[in-house]
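Structure record follows, encoded as structure tokens.
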């Protein structure tokens, strides 16, 4: 797979397990379910959730089916038993991690490679403490979202959403742009320039002493504007209407 151009196949999405370890807030769990639904990941697992009523979280907009099918475990070991790779998330802080630590971008590459053939668990700790050292000991390595040092921790739902976006991101798709507009012809640029100069002359902006240099500046300005061909007639119509209105005023 070419690095930097990822688009995780939908078939691989079913192999990713989002594991929330001791989550405390049902609204955060609902937000996680919504993010999973947004990006096409379905397997939500919870280890000792603080509030059993998470399945009714209102924040799980159009994604209650994920909450309804979520599995609840008593410990991390059982939640990750069918996975060949376990990646933990951390805000780092001052902990002595004893594990390889990757930024999210290369971590997503590693996760995607493994998802092609087997299950991967992505662990998120509780909102209050994150993953403990004991919980991290079940991880093969850790990843971090690059946040500023002064405020490294993130809301649980936001952290999950960012990680899942990175897994679904496709550099090739992101590089797609709207097709460029047809360029305006030289003839239309000259017509726009002539009408604009006429308007400027009628307004008193152009005087006889600087007329030549003003014309050069205006011609260059019109070319730098890069008016699309489809807009040329609109600009010409605007200038003609203004000139007509001025002529009506002058004739009174």
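The values are calculated or read from the model by the stated rules, or taken from the named source; none is laboratory data. Small disclaimer: the values here were computed from a predicted structure and weren't measured. Methodologically, a virtual Cβ is constructed for each residue, glycine included, from the backbone with ideal geometry; neighbour enumeration extends over all protein chains shown.
Could you check the range 172-197 and list, in sequence order, the residues that are free of Cβ contacts under 8 Å to residues at least 40 places away in the same chain and closer than 14 Å to residue 243 by Cα?
Result: 193, 194, 197.
Among the helices (runs of 4 or more DSSP H) lying completely within the range 49-116, list those that include at least 3 residues that are touching a strand residue (DSSP E or B) at 6+ places or on another chain (Cβ under 9 Å) and modelled with pLDDT of 90 or more.
Fully inside the range 49-116 and qualifying: 76-79, 104-115.
Scan the helices (runs of 4 or more DSSP H) fully inside the range 139-229 and keep the ones with 2 or more residues being outside the structural domain of residue 42 (by TED's automatic domain parsing), in contact with a strand residue (DSSP E or B) (Cβ under 9 Å, 6 or more places away or on another chain) and at pLDDT 95 or above.
Output list is empty.
Hey, could you check the range 16-42 for residues that are surrounded by fewer than 21 Cβ atoms within 10 Å (Cβ to Cβ) and in contact with a strand residue (DSSP E or B) (Cβ under 8 Å, 6 or more places away or on another chain) and say which is nearest to residue 88 (Cα to Cα)?
In this case the residue turns out to be 22.
Within the set of pairs 6 or more residues apart or between chains, which connect a residue that is over 19 Å from residue 246 (Cβ atoms) inside the range 198-213 to a residue that is assigned to a loop (DSSP other than H, G, I, E, B) and modelled with pLDDT of 85 or more with Cβ atoms less than 8 Å apart?
Nothing qualifies.
If you check every pair at least six apart or on different chains, which have Cβ atoms under 6 Å apart with a residue in the range 231-247 that is farther than 13 Å from residue 188 by Cα first and a residue that is in a helix (DSSP H, G or I) and at pLDDT below 90 second?
Filtered contacts from the range 231-247: 246/202.
Examine the range 181-201 for a residue that is touching a helix residue (DSSP H, G or I) at 6+ places or on another chain (Cβ under 7 Å) and loosely packed, with under 11 Cβ neighbours inside 10 Å, and state whether such a residue exists.
Checked against the condition, which is being touching a helix residue (DSSP H, G or I) at 6+ places or on another chain (Cβ under 7 Å) and loosely packed, with under 11 Cβ neighbours inside 10 Å, the range 181-201 yields at least one hit.
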